[in-house]
Amino acid sequence: MTRTVVLAGTSGYGATYVREIAQLEARGSVRLVGLCDVRPLDSAVSRQFGDRPFDSRLDHLLAATCPDLAIVAGPIHTHLPLGRQVLSADCHLLLEKPPASSAAEWREVLTLARQKSLSCQVGFQSLGSRAYSRLAELIATGRLGSVRGIGCYGAWSRDAAYYQRADWAGRRYLDGVPVADGALTNPFAHAVATALALDHSTGWDDITDIDTELLRVRDIEADDTSCLRLRTRHNTVITVAVTLAAQTPLEPVIVVHGTRGRAELHYTRDLLVVDGQPEHHGRISPLENLLAHLDDGAPLQCDIAECGAFTRVLEHVNAAPAPRLISERWLAHEGDGSEERIHIPGIEQAVRASAEQLATFSGLGEPWAL
Ligand SMILES: NC(=O)c1ccc[n+]([C@@H]2O[C@H](COP(=O)([O-])OP(=O)(O)OC[C@H]3O[C@@H](n4cnc5c(N)ncnc54)[C@H](O)[C@@H]3O)[C@@H](O)[C@H]2O)c1
């Protein structure tokens, strides 16, 4: 069946959807009936889809095109207003991650979707990886023994231009509205959501205790170097230690420590390493999965209802005391202007150690965190 679709937010991460929609159109699974953006389409999107209806107002576009579903890939603080317009127009919704920038906003989208009996998929694409479902299977069948804890780490490097690209970049709030663009809640949000899902702790009440260490190397409002340590109702300890100030970037990894085995999920690479043995897997995208859900009733990879615990972490992080600026004595600088990068020498070892020992930065005695 060919589903009609509208895309809101066409550049930045939205460009990924432009490419995917072009492929799915070629296969006959979708037909793009409209594009929405507050900026003119960039040249690549114009070349591909310049013949389709375009509007800077999503509600107008939805009224004119009546699509089956709409994808919202705008900035985080647009998710509620745009998502509300999609659901109010009786369309299914694919909402980029994080689904909302506060608990109240998450509840509002969830309630509206339920009231209207519409599907709302969240774009946590790591949950569509076969490497993730295989790991979930290994845990469920006891292959790893009982899970002692789940430690996640990731170390990326972002230059000054990353924070200059949009007014919401690195903000906790923009004009009084929550944005929650910190390392834990946005770039590494997949690590948080995936670890919680592996523990079957996706509900708001599934977390019993949360501790965060929020730090920053830049003149931003949100955190860029952070550690989260929480306990779930299954008594599992989950840690997530991440930075955007790495010298040698490391792709994120989720380490499951079992009493009988150890598994590493490299979720950006669909790679699972079980007791040292690598397994490469494929993935189904959030959009393909939503189409299968609508056509055949396949379970959603990430129903917005399953984002309660994640949203609780997001709300906790965004409301915690302001991230502390790491002293210059622990930092190194490279390049200047928009290309400037700031590193914390040794951060790569620290995030790995956190995942191994399920410890926070200060628990590890990292001097820049004390
Ligand atoms: N799933 C992933 O791996 C992944 C990766 C990166 C970003 N993201 C998510 O994608 C979303 C967009 O992030 P980004 O960095 O591309 O943002 P961005 O600021 O680059 O904006 C994306 C697009 O949305 C448009 N836009 C802004 N306000 C709009 C509005 N009111 N109506 C319609 N369009 C609007 C912008 O003009 C731009 O074209 C965020 O939720 C982000 O967290 C997801």
Using +1 at the Cβ of each Lys and Arg and -1 at the Cβ of each Asp and Glu in the stretch 1-82, identify which of V38, A22, T4 lies farthest towards the dipole's positive end. A22
For the A332, V38 Cβ pair and Förster radius 51 Å, calculated FRET efficiency rounded to 0.05 is 0.85
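If you roll a 1.4 angstrom probe over the protein chains with everything in place, what fraction of the accessible area of the stretch 314-370 belongs to carbon and sulfur, to the nearest %?
49
If you roll a 1.4 Å probe over the stretch 69-172 with all protein chains in place, what percent of the accessible area is carbon or sulfur?
Of all accessible area on the stretch 69-172, carbon and sulfur atoms account for 48 percent.
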What fraction, in whole percent, of alpha-carbon pairs in the stretch 81-198 exceed 16 Å separation? 70
Leaving out ligands, DNA and RNA but keeping every protein chain, what accessible area does E251 have, in Å² rounded to the nearest 10, with a 1.4 Å probe? 80
Out of all DSSP beta bridges with both ends in the chain, state the antiparallel percent to the nearest 5. 60
Mean projected area (nm²) of the alpha-carbon convex hull when the stretch 1-114 is viewed from all directions: 6.6
Part-to-part distance (alpha-carbon centres) for the stretch 1-50 and the stretch 161-220, which is given in Å: 27
Computed over the chain, protein heavy atoms only, probe 1.4 angstrom, the accessible area per residue in square angstrom equals 41
Grab the beta carbon distance between E137 and D167, set R0 = 41 Å, and tell me the FRET efficiency rounded to 0.05. 0.45
What list of ³J(HN,Hα) couplings, whole Hz, do you get for the stretch 185-191 from phi and the Karplus terms 6.51, -1.76, 1.60, once you set θ to phi - 60° and write x for glycine and proline? 9, 10, x, 9, 4, 4, 4
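The values are calculated or read from the model by the stated rules, or taken from the named source; none is laboratory data. Given the structure is predicted, the values throughout are model-derived calculations rather than measurements. Cβ: placed from backbone, ideal geometry, glycine included. Neighbour counts: every protein chain shown. Areas reflect the complete protein model, heavy atoms only, side chains present, ligands, DNA and RNA absent. Shrake-Rupley method; radii C 1.70, N 1.55, O 1.52, S 1.80 Å.
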